[in-house]
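Encoded as structure tokens, the structure appears first; notes follow it.
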Amino acid sequence: MNGPSLLTGDRGRDERNVDALLKALAGLHGRGDLEALVRSAVDGAILVTGAQRGVLLLPQPDGGLAVRTARDRAGKDLPSTLRYSSSVTKKVWSTGQPSLTMDAEGSAAGALGKSILDLRLLSILAVPLRAKDRPIGVLYVDSTATAKEFTVGDRAVFEALAGIVAVAIEQ
């Protein structure tokens, strides 16, 4: 099997992860409301990772990324002007590779950017949204909680969710 497993062996966590993925899949065949699907996907990303907030970014004509949807753990919309680690999202966008950063404030902040220090981010997970082998956006979550580090298992579920979202956006 390639990549990390979606299943962790923790029954409750595995059920939660599968439920989040099934909900996202169901949204593909729903009413076609892209905005509702994107909000639901960001909420699902927060749920499966235990993050404090999540952001979906889409490309702009100038080549940069802009926030399409930003949500918090309580399921509330956040302003599109919120601050997040733009260095991590730019890296994911330019390389097409996922980024899992733990203890971001400590070990990686110098390499990744000032926003990580300013926002006191400790865990960051970002993955590219890809459709037909081309990048179409970035799905990002972060946390300032010292008790929460994202795992390789979180990344596997997160990447599966990103794939579903990419298909929906592409359609």
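The values are calculated or read from the model by the stated rules, or taken from the named source; none is laboratory data. Computed from a prediction, not measured in an experiment: that's the story for all the values here. Don't worry about glycine lacking a Cβ; one is built from the backbone with ideal geometry, like all the others, and counts go over all protein chains shown. Accessible surface is based on the protein model in full, side chains and every heavy atom, while ligands, DNA and RNA are left aside. Shrake-Rupley method; radii C 1.70, N 1.55, O 1.52, S 1.80 Å.
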query: For R71, R130, R11, R83, what's the largest-to-smallest order of accessible area, 1.4 Å probe?
result: R11, R83, R130, R71
- prompt: Under a plain spin-label model, where a point goes 7 Å from the Cα along Cα-to-Cβ, how far apart in nm are L78 and D62?
  reply: 2.2 nm
- request: Please list 131-137, 154-160 highest first by mean number of surrounding beta-carbon atoms within 10 Å per residue.
  value: 154-160, 131-137
- request: Rank-order 89-102, 46-59 by packing density, defined as the average count of other C-beta atoms within 10 Å over each peptide's residues, highest first.
  value: 46-59, 89-102
field: Integer Hz, Karplus 6.51/-1.76/1.60 couplings in order for the range 51-64, x for Gly and Pro
entry: 5, 8, 7, x, 9, 10, 10, 10, x, 10, x, 7, x, x
Accessible area in the full protein assembly, largest first, 1.4 Å probe, for V88, V18: V18, V88
